[in-house]
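The values are calculated or read from the model by the stated rules, or taken from the named source; none is laboratory data. Nothing here was measured: the structure is a model prediction, and the numbers come from that model. Note that we place each Cβ from the backbone using ideal geometry, even for glycine, and neighbour counts take in every protein chain shown. Heavy atoms of the whole protein, side chains included, go into the accessibility calculation; ligands, DNA and RNA do not. Shrake-Rupley method; radii C 1.70, N 1.55, O 1.52, S 1.80 Å.
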Amino acid sequence: QVQLAESGGGLVQAGGSLRLSCVASGRTLSSSDMGWFRQAPGKEREFVALIDAGTGGRIYYADAVKGRFTISRDNAKNTMYLQMNRMKPEATAMYSCARRRRYNGSRYNTDQYAYWGQGTQVTVSS
């Protein structure tokens, strides 16, 4: 069984910071690519960041968050994090972590991910 649970969302003012957590159960987190996605009301779900499977997983970021967001993983705790700094109102969205299952397409496409958490709401006020 594979279960993902996000936490850490909330209300933050523009320029502030939040750290999201994603705890994986059932299987080792590092055995698959793990990504963060977000979806604002009325918009498509979009890629935010991901870390490849393995101990030395490569990291990828969406251009919109480069330099401000940091993805990381603690294998001992089977937890993935998303540190969000200098947040902007346009970052308001439901943030979800996802475990990749398919490797027949782009790592940025949601159809590559089979397991999703419930999501945690992030709201940035101005």
Looking only at segment 86-101, which residues are touching a strand residue (DSSP E or B) at 6+ places or on another chain (Cβ under 7 Å) and open to solvent by 50 Å² or more (accessible area, probe 1.4 Å)? Lys88, Pro89, Met94, Arg101
Residue that is farthest from Arg102 (Cα to Cα), among those in segment 45-78 that are polar (S, T, N, Q) and either open to solvent by 50 Å² or more (accessible area, probe 1.4 Å) or outside any loop (DSSP other than H, G, I, E, B) (or both): Thr70
Looking only at segment 86-115, how many residues end up being within 16 Å of Ser7 (Cα to Cα) and in a loop (DSSP other than H, G, I, E, B)? 1
When both residues are 6+ apart or on different chains and their Cβ atoms are under 6 Å apart, which pairs have a first residue that lies in segment 73-85 and is at pLDDT below 95, and a second that is not in a strand (DSSP E or B)? Asn75/Ser30; Asn78/Leu29
Could you grab me the full set of residues in segment 5-44 that are assigned to a strand (DSSP E or B), open to solvent by 30 Å² or more (accessible area, probe 1.4 Å) and closer than 12 Å to Ser96 by Cα? Ala5, Ser7, Val23, Gln39
